[in-house]
Amino acid sequence: MLQAHDQRHVDEHTEERTMFIPTGKVTTTKFNLTEEDQRFLLQSGHVTATKFLESWNFETYKNKFRQNHAITPMELYFAEQQEGHKIYQ
């Protein structure tokens with residue numbers, strides 16, 4: 001699972017196509033995993049991937065994020081930047 005800091009930087013495009021796997025008590029810096037931790041992570045990943053793949057539809061994703069009418073994160077960023085500059089002018 002992403003740490004709170006990392007989750008803030010996941011945009012809607014990325015979130016839509018990402019599997020967030022619950023890691024329970026296993027942190028990202030725990031390198032000496034017990035067999036129990038390994039089994040838990042494997043099972044958690046399997047369950048999450050199965051649920052994700054049962055509902056994932058690439059055509060739906062493309063229609064939502066890749067059509068000409070969809071605003072990309074970069075376009076949103078530049079629009080926000082321009083709005084910010086107008087305030088100070």
Scan of segment 11-41 for residues that are under 30 Å from residue 61 (Cβ atoms), open to solvent by 100 Å² or more (accessible area, probe 1.4 Å) and in a loop (DSSP other than H, G, I, E, B), ordered by number = 17
Of the numbered conditions (1) among the β-branched types (Val, Ile, Thr); (2) loosely packed, with under 10 Cβ neighbours inside 10 Å; (3) at pLDDT 95 or above, residue 87 satisfies every one except a single condition; which is it?
-> (3)
Across segment 47-73, what is the number of residues that are in a loop (DSSP other than H, G, I, E, B), at pLDDT below 80 and under 16 Å from residue 14 (Cβ atoms)?
-> 4
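The values are calculated or read from the model by the stated rules, or taken from the named source; none is laboratory data. The shown structure was predicted, so the numbers you read here are calculated from the model rather than taken from an experiment. All Cβ positions, even for glycine, are placed from backbone atoms using ideal geometry, and neighbour counts span all protein chains on display. Accessible surface areas use protein heavy atoms only, side chains included; no ligands, DNA or RNA. Shrake-Rupley method; radii C 1.70, N 1.55, O 1.52, S 1.80 Å.
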